[in-house]
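The values are calculated or read from the model by the stated rules, or taken from the named source; none is laboratory data. Here the structure is a predicted model, which means the values were calculated and not measured. All Cβ positions, even for glycine, are placed from backbone atoms using ideal geometry, and neighbour counts span all protein chains on display.
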């Protein structure tokens, strides 16, 4: 390629470059005129090698040598001109072009001119003309340059550089405002098509030239042809960076083109003209940019409606285009800037209707690649909802509430799980609550609180849900209220569980616990109540007190009395002393809890535990009304445990504490049993005496008690006490005789033990008398006792008889003794008549003894004084005669006894009778069995 | 066989004996039982099968008893029984000693032990009869005496005692008469018994006459 072509191209590029640089941004003041004032600046080229200067000198020398040969000389001159021009250009490039002396170009021009003049038919004169034009142009002689170029175009229309020549002509004509000629030149240049290096420049300038000629419609085609080349197939971004993919120069070129197109369309019929053109031309990929640019231009001019319509035109013709929503947004923006609120609102609704997430747009366009659209959908939905929300709050109209809710719901339907959805949901709940749709507000608050990951409004929503629950519950009938309230409680629990740090958490839980308790749902009430009191930091005292009340009462009603007791202590510590009634109730419950634990332990057979519980009430709640019963029960349990000493201690204390208790009689009986079992006979006896003298017991019980008392006193050796009790038995219970007479018998023994003879005798007579008056109750036993008594009564009679000595005068003493003997005989006979074997043998023996001693006494009696031997002998014979039958009588009586042996009677008196008989009749009765003194055989 | 009613002193002694004389006890084991033919009251005291040591120990104990040293006799018979537990004679001697103190239970125990070894040991049966009689069990006494005279017809003491029992306690004069007669036949020559026989004969005859008279009257 030759140098001059490069320079021209460089100049042309410099023109556009400088123009672009100044109009990098569109400004309102930019007009078509501003383009005309742009200066042409020459960009310095590369350096010229030194070899060029040598060649020039050689050519000069050559011209001097071969000046006769015209061809050689012409060629040499042209070459020399080229070199001269290059040398000048090189120098220009090396130094400041302004300082160049004009005559430097003149040298080259002169050379070319000489050449043309010398060789008018030189075959390369097209090149010479071209160089000459360059030389003129370089030297600032543009008129002459244009003439040369015109000549060149005219004479050499087929020269290879014709496209450049035409373009340069166009440029020069354009500068001279000869737009018609320029248009032709540019058109010719552009006519060489894409193969020409000047094609795009030509299209650009052709468009501009037609624009200058006000041929707007005609200007479109070259501009669009240029755009097709520059951005056809290029992915355009949105907004200010839409041309980022292009180089700076091209970007400016495209922007210029956009700008002039917008102006053109605005001079025409606006968006309609775009449509018309594209209908004919075909819709380019960047069509939306063309609309957008025009809209933007209108906006700059504050032609808002035109702007909106322009944007909308694109949307209208290709609503599913990925960029269509963005233009729709611009529509809204245009109305907004224009101050048309109702149009804005309508546009927003349209936008949402068209590009809502359920629209067909999203079938074609993936959400991930259209995040800006998604953001606009959200923003518009939010705007719409808030708009109506504000209206509703202002005017209170239900229709506005509904509309706000509708838009919030749409947002949530489109973006159910977006990070922003939670706050939108909260707003939805709020609007529902404000519109008094508490049921749906409840749902939405709950959804806000629990459906999303925790967010700033979570806990607030959770609490608001509870408030909404309460509001709605007021509107429900009884039946519906139950189920609703159950849900409310669940929500409350959920709230407290999810948002323990919420300031109302404790209050909510407490309220739920109370509710659950009042519904009889004790298990849950306890669980919730315990959650309240376990909260950290602790809830305030009022809540804690309420919670402990619920826990304690619920545990109590669940029969968890141990837990209830603990809970009541907690409650007690939170009940102010000034609230006397409350404190009393709590303490009463503590006592009841303890008592119930005792009852349960007792029923389970754990008596020790039962006692522990029953007795500790005294320490825990000494003033409790149930304490008395508990201590009584403790004693009963101890008795069942056979812990007699402990039982009696408790019972004694009980009697001391409650002397007038309704259990007094029972306590006495239990004490009696305990003392008996623990071997405390005396204490036991005293209790039995109490029983015997208590009016509430039956006669049989009292009588039995007296008997037991007497036995116990006897065991304890307390004779006087025993006697007192027995006397009472005899006095109070003459019937049945069988018992009464035993009492008398025992009294007899006591009298004997006390050595009280008079009393003993009286007791004996009592026994005899009791038996004799027993009538049908007379028995072997009464008879035996009476018989025994009677023989005892005989004893003093016998002793008196034995004590009487026969002394002289014998008649008198015998008479006295005989009288005594008759008395003795009578008493023993009467004793024997009872027919009681042992008494009969005794009586028989004693009778025999009476006869024997009387006989012996007679024989041993004092002999009368003064008898001689004979008389004495006769006296003694007479005495023997007198005593013999008496002795015989004695023997008969002894034998009567010994004869009983064969019948199996071999008691003391029979044995004694045998001994007497052995003495009195040894020949017959002194017979003793024989035995070896020692056995000498081994076997 | 257990050792009945021995004092603690005897038991401790027995224990030491067992320790010292284990060998001795083993050597005596063969004397534990005797051939039936050599058993019975009045058996020859010099019977050949009695170990000499047993005989000697027994005789020593018996001599203390005969001498009235009851304490020593009791000790020795008890020691004897530790080594030779199968001789009823020793038990009967112990029963004699216990009966002196009126210890019915101990006496009865010793007699039961003797009779467990030999239920027909006449001295034991006789002592049992005595024991029953002392406590008024006259028919039990009679049974014991009768068994004694049945198994050992020559055992005179039992007849004597049957005479006393029948006359005084059972009022069976003819039976008494018969047993006294038997006694006289076996023991012979007791003048007092002879008088009793005469008295009984007279009384029996009188009773018989009275009975006949009663029968005739009726």
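Among the residues of the stretch A:814-839, those that are in contact (Cβ under 8 Å) with a residue 40 or more places away in the chain and either under 21 Å from residue A:888 (Cβ atoms) or within 60 Å of the chain's Cα centre (by Cα) (or both) comprise A:814, A:817. Please determine, by comparing only the residues of the stretch A:185-198 that are in a helix (DSSP H, G or I), within 19 Å of residue A:153 (Cβ to Cβ) and in contact (Cβ under 8 Å) with a residue 12 or more places away in the chain, which one is nearest to the chain's Cα centre (by Cα). My answer is A:190.
Residues in the stretch A:244-264 include none that are farther than 23 Å from residue A:208 by Cα and in a helix (DSSP H, G or I). Of the residues that make up the stretch A:879-898, is at least one over 24 Å from residue A:823 (Cα atoms) and either within 14 Å of another protein chain (Cβ to nearest Cβ) or within 60 Å of the chain's Cα centre (by Cα) (or both)? Yes, the stretch A:879-898 contains a residue that is over 24 Å from residue A:823 (Cα atoms) and either within 14 Å of another protein chain (Cβ to nearest Cβ) or within 60 Å of the chain's Cα centre (by Cα) (or both).
Quick check on the stretch A:908-926: of everything there that is surrounded by fewer than 18 Cβ atoms within 10 Å (Cβ to Cβ) and under 18 Å from residue B:132 (Cα atoms), which residue is farthest from the other protein chains (Cβ to nearest Cβ)? Applying the filter and picking the extreme gives A:908.
Hey, among A:702, A:646, which residue is closer than 18 Å to residue A:611 by Cα and free of Cβ contacts under 8 Å to residues at least 40 places away in the same chain? Explain how you work it out, then say what you get.
On the way: A:702 fails: closer than 18 Å to residue A:611 by Cα.
Sole residue among the options that is closer than 18 Å to residue A:611 by Cα and free of Cβ contacts under 8 Å to residues at least 40 places away in the same chain: A:646.
Going by what's in this entry, would residue A:206 be described as buried (at least 24 other Cβ atoms within 10 Å of the Cβ) and touching a helix residue (DSSP H, G or I) at 6+ places or on another chain (Cβ under 8 Å)? Spell out the reasoning first.
Details: buried (at least 24 other Cβ atoms within 10 Å of the Cβ): yes; touching a helix residue (DSSP H, G or I) at 6+ places or on another chain (Cβ under 8 Å): yes.
Considered against the rule, which asks whether it is buried (at least 24 other Cβ atoms within 10 Å of the Cβ) and touching a helix residue (DSSP H, G or I) at 6+ places or on another chain (Cβ under 8 Å), residue A:206 comes out as yes.
Screening residue A:296 on (1) part of a helix (DSSP H, G or I); (2) within 22 Å of residue A:202 (Cβ to Cβ) shows it passes everything except condition (2).
Residues checked against (1) in a helix (DSSP H, G or I); (2) free of Cβ contacts under 8 Å to residues at least 24 places away in the same chain; (3) within 12 Å of another protein chain (Cβ to nearest Cβ):
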| site | (1), (2), (3) |
| --- | --- |
| B:72 | yes, yes, no |
| B:78 | yes, no, no |
| B:97 | yes, no, yes |
| B:112 | yes, no, no |
| B:125 | yes, no, yes |
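The residues listed here are B:116, B:175; of these, the one that is in contact (Cβ under 8 Å) with a residue 40 or more places away in the chain, more than 9 Å from chain A (Cβ to nearest Cβ), surrounded by fewer than 24 Cβ atoms within 10 Å (Cβ to Cβ) and assigned to a helix (DSSP H, G or I) is B:116. Determine if the stretch A:163-170 includes at least one residue that is surrounded by fewer than 24 Cβ atoms within 10 Å (Cβ to Cβ), modelled with pLDDT of 85 or more and out of contact with any helix residue (DSSP H, G or I) (no Cβ under 8 Å at 6 or more places or on another chain). No; the residues of the stretch A:163-170 include none that is surrounded by fewer than 24 Cβ atoms within 10 Å (Cβ to Cβ), modelled with pLDDT of 85 or more and out of contact with any helix residue (DSSP H, G or I) (no Cβ under 8 Å at 6 or more places or on another chain).
Among the residues of the stretch B:99-110 satisfying the criterion of being within 13 Å of chain A (Cβ to nearest Cβ) and free of Cβ contacts under 8 Å to residues at least 60 places away in the same chain, which is farthest from residue B:152 (Cα to Cα)? Spell out the reasoning first.
Going through the stretch B:99-110, the residues within 13 Å of chain A (Cβ to nearest Cβ) turn out to be B:99-100, B:107, B:110.
With free of Cβ contacts under 8 Å to residues at least 60 places away in the same chain added as a condition, the list becomes B:99-100, B:107.
Details: B:99: 23, B:100: 25, B:107: 22 Å.
Residue satisfying both the conditions and the ranking: B:100.
Among the residues of the stretch A:497-507, are any within 30 Å of residue A:587 (Cβ to Cβ) and either in a helix (DSSP H, G or I) or touching a strand residue (DSSP E or B) at 6+ places or on another chain (Cβ under 7 Å) (or both)? Yes, the stretch A:497-507 contains at least one residue that is within 30 Å of residue A:587 (Cβ to Cβ) and either in a helix (DSSP H, G or I) or touching a strand residue (DSSP E or B) at 6+ places or on another chain (Cβ under 7 Å) (or both).
For residue B:61, indicate whether it is facing another protein chain (nearest Cβ under 8 Å), on the phi < 0 side of the Ramachandran plot and at pLDDT below 95. No, not satisfied. The residue of the stretch B:178-196 that is surrounded by the fewest Cβ atoms within 10 Å (Cβ to Cβ), among those that are outside any helix (DSSP H, G or I) and more than 12 Å from chain A (Cβ to nearest Cβ), is B:189. Scanning the stretch B:127-142 for residues that are more than 7 Å from chain A (Cβ to nearest Cβ) and over 22 Å from residue A:899 (Cβ atoms) yields B:128, B:131. Among the residues of the stretch B:46-55, is there at least one that is buried (at least 23 other Cβ atoms within 10 Å of the Cβ) and facing chain A (nearest Cβ under 9 Å)? Within the stretch B:46-55, not a single residue is buried (at least 23 other Cβ atoms within 10 Å of the Cβ) and facing chain A (nearest Cβ under 9 Å).
So in the stretch B:151-172, with the set limited to residues that are outside any helix (DSSP H, G or I) and more than 25 Å from residue B:119 (Cα to Cα), which one is farthest from the other protein chains (Cβ to nearest Cβ)?
The initial filter retains those residues of the stretch B:151-172 that are outside any helix (DSSP H, G or I), namely B:152-155, B:170-172.
From what is left, the residues that are more than 25 Å from residue B:119 (Cα to Cα) are B:170-172.
Details: B:170: 5, B:171: 4, B:172: 8 Å.
Of everything passing the filter in the stretch B:151-172, B:172 is farthest from the other protein chains (Cβ to nearest Cβ).
Tallying residues that are farther than 20 Å from residue A:522 by Cβ and not in a helix (DSSP H, G or I) within the stretch A:551-595 yields 6.
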